[in-house]
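Below: one structure, written as structure tokens.
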Protein chains: 2
Amino acid sequence: MFKKRENIAEIEEGKLLSPKFDNDGLIPVVTVCTNTKDVLMHGYMNVEALKKTIETKEAHYWSRSRKQIWHKGKVSGFAQKVVELRIDDDQDAVWLTVDIGKGSSCHVGYRSCFYRSIPLGKIDNARQIEMKFEEKEKSFDPEKIYKGEPNPTKI
Amino acid sequence: MFKKRENIAEIEEGKLLSPKFDNDGLIPVVTVCTNTKDVLMHGYMNVEALKKTIETKEAHYWSRSRKQIWHKGKVSGFAQKVVELRIDDDQDAVWLTVDIGKGSSCHVGYRSCFYRSIPLGKIDNARQIEMKFEEKEKSFDPEKIYKGEPNPTKI
């Protein structure tokens, strides 16, 4: 599908897209908001999702919980318009910059999936590390938006 | 080590850190520059690397190529001082904001590992997708900095 990976100099210094998919056929994706520069989510694409993202200019992922292509925003209405798509040195990770307008990204209801911060410093008891909510309020009600959809979070 | 993952409400809405490591014992990490807001790299941590990052306030990763804990900057001098550490809704990905001063992050010599962008729009021939270099010049000479070290990029 994409250019075959043949030598390291080409992969690192070349111009041709030659992404590496892992044993499950996936490449990790970091999605950043073009306005706030917050990391909105961390997801995965397979070959088809990457191709659809490039061609439609809207983010498509591979849903590991539903095991299918996931056009982000199809259920919630919160589509992600692609502003920029970058790949890293060894072409095994993707950085996607998107415009979500006033929308949200997180199925729990927050704007970013990364709404909690971990305190830094000496750990006294690793079972009791108390995080801080950096987003104070949810930006939508997931029970209304996702009614009947299974929760993707797994224990 | 960390709190056991017991129910989804606690994982998503609770305050206690309860990270999910994959079958290889790893959690993906997105590392962002606190000054430019660029994504510098995408890496992985195991339990020990996450603990060392929290406690020392310097980024530690798990090197999948060398199969060992990797104190970023130990060879290159480009340590990453942790400004903020966040975790996502289902606690299976980490967002690390770091200060690297005038340093670099990429073993190829660029400041960010994501120095190439992928063109958007219809794909005529997927084997010939020509990317654009968004960083024009390397910020250090990897042959001087990493002399004798094996290249982590794999085909």
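Every number here is computed from the coordinates shown, using simple stated rules; none is lab data. All of these numbers come straight from a predicted model, not from anything done at the bench. Here the Cβ is made from the backbone with ideal geometry for all residues, glycine too, and neighbour counts use every protein chain on show.
Which shape class applies to the range B:114-155: rounded if a/c is under 1.5, otherwise prolate when a/b exceeds b/c and oblate if not, where a ≥ b ≥ c are the square roots of the Cα gyration tensor eigenvalues?
oblate
Once you've got the GNM for chain A with C-alpha springs shorter than 10 Å, pick whichever of A:Ile54, A:Ile129, A:Ile145 has the biggest mean-square fluctuation.
With Cα springs under 10 Å in chain A, the top fluctuation among A:Ile54, A:Ile129, A:Ile145 is at A:Ile129.
One decimal, nm, shortest first: give the distances between the label point of A:Lys57 and those of the same position in the other copies, each label point 7 Å from Cα along Cα→Cβ.
Result for A:Lys57, in nm, nearest copy first: 4.4.
Would you mind giving the mean number of other chain beta-carbons within 10 Å of the Cβ of each residue in B:11-19, as a whole number?
6
Specify the residue with the greatest mean-square fluctuation among B:Lys20, B:Lys144, B:Lys37, computed from a Gaussian network of chain B linking alpha-carbon atoms under 10 Å apart.
B:Lys144
Each residue of the range B:135-152 in turn: what ³J(HN,Hα) in whole Hz from Karplus with 6.51, -1.76, 1.60 and θ = phi - 60°, glycine and Pro shown as x?
So the Karplus estimates, Gly and Pro as x, are 9, 7, 10, 6, 9, 7, 9, x, 5, 6, 6, 10, 3, x, 7, x, 6, x Hz.
If I model a spin label as a point 7 Å beyond the Cα along the Cα-Cβ vector, how far apart are those points for A:Ser117 and A:Lys102 in nm?
2.7
Dipole of chain B (Lys/Arg Cβ +1, Asp/Glu Cβ -1, origin at the Cα centre): which of B:Ile129, B:His42, B:Val75 lies farthest to the positive side?
Working it through, the farthest residue towards the positive pole turns out to be B:Val75.
Convert each backbone phi in the range A:10-26 into a coupling constant with the Karplus relation 6.51 cos²θ - 1.76 cosθ + 1.60 (shift: θ = phi - 60°), then list the ³J(HN,Hα) values in order as whole Hz, x for Gly and Pro.
Result, ordered by residue: 5, 4, 7, 10, x, 9, 8, 5, 8, x, 9, 9, 6, 4, 8, x, 10 Hz.
Just need the relative contact order of chain A here, percent rounded to a whole number, with Cα pairs under 8 Å and 6+ apart.
Across chain A, relative contact order equals 19 percent.
Run the label-point distances for A:Pro152 please: 7 Å along Cα to Cβ, every other copy, nanometres, shortest first.
2.6
Over the protein assembly as shown, how many percent of alpha carbon pairs lie in each 20 Å bin up to the one with the longest distance?
Pairs per bin, as whole percents: 34, 60, 7.
Place a +1 charge on the Cβ of each Lys and Arg in the range B:10-53 and a -1 charge on the Cβ of each Asp and Glu, then give the dipole magnitude about the Cα centre in debye, rounded to the nearest 20.
For this selection, approximately 220 debye.
Quick one: compute a quarter of the convex hull surface over the Cα atoms of the range A:44-87 and quote it in nm².
Mean orientational projected area (the range A:44-87, Cα hull): 3.1 nm².
I'd like the FRET efficiency for B:Ile69 and A:Lys138, computed as 1/(1 + (r/R0)^6) with the beta carbon distance as r and R0 of 41 Å, rounded to 0.05.
0.65
Antiparallel as a % of all DSSP beta bridges within chain B, to the nearest 5?
80
If you fit an axis through the alpha-carbon atoms of helix B:47-56 and take the longest principal axis of the Cα set of chain B, what angle between them do you get, 0 to 90°, nearest 10?
With rounding to tens, the tilt is 90 degrees.
Suppose every Lys and Arg Cβ carries +1 and every Asp and Glu Cβ carries -1, with no other charges. What dipole size does chain A come out with about its Cα centre, to the nearest 20 debye?
Rounded to the nearest 20 debye, it is 600 debye.
With each run of n ≥ 4 DSSP H residues scored as -39500 (n - 2.57), what mean residue ellipticity at 222 nm is computed for chain A after dividing by its residue count and rounding to the nearest 500 deg cm²/dmol?
Using -39500 (n - 2.57) per qualifying helix, the result is -3000 deg cm²/dmol.
For A:45-58, what's the mean count of beta carbons from other chains sitting within 10 Å of each residue's beta carbon?
Taking the mean over all residues of the peptide, I get 2.
Place the label 7 angstrom along Cα→C-beta at A:Gly25 and in each other copy, then list the distances from the first to the rest in nm, shortest first.
Label point to label point, same position, other copies: 3.0 nm.
Output the direction-averaged projected area (hull surface divided by four) of the convex hull of the alpha-carbon atoms of chain B, in nm².
Quarter of the Cα hull surface area: 11.7 nm².
Please list, in chain and number order, the residues 5+ apart from A:Leu16 or on another chain whose amide H is under 5 Å from its amide H, with Hs placed from the backbone.
B:Met131
Take peptide A:125-133, look around each residue's Cβ out to 10 angstrom, count Cβ atoms belonging to other protein chains, and average those counts.
5
Strictly under 4.7 angstrom between C-beta atoms: which cysteines of chain B have no such partner?
Result for chain B is B:Cys33, no neighbouring Cys Cβ within the cutoff.
Considering only Cα-Cα distances, which of the following residue pairs are longer than 24 Å: B:Lys74/B:Lys147; B:Lys102/B:Lys154; A:Lys132/B:Lys37; B:Lys67/B:Lys154; A:Lys74/A:Lys144; A:Lys72/A:Lys154?
Exceeds cut-off: B:Lys102/B:Lys154.
Which one, A:Asp24, A:Asp38, A:Asp88, has the greatest fluctuation when you compute a Gaussian network model over chain A with C-alpha springs under 10 angstrom?
For chain A, modelled as a Gaussian network with Cα springs under 10 Å, the answer is A:Asp24.
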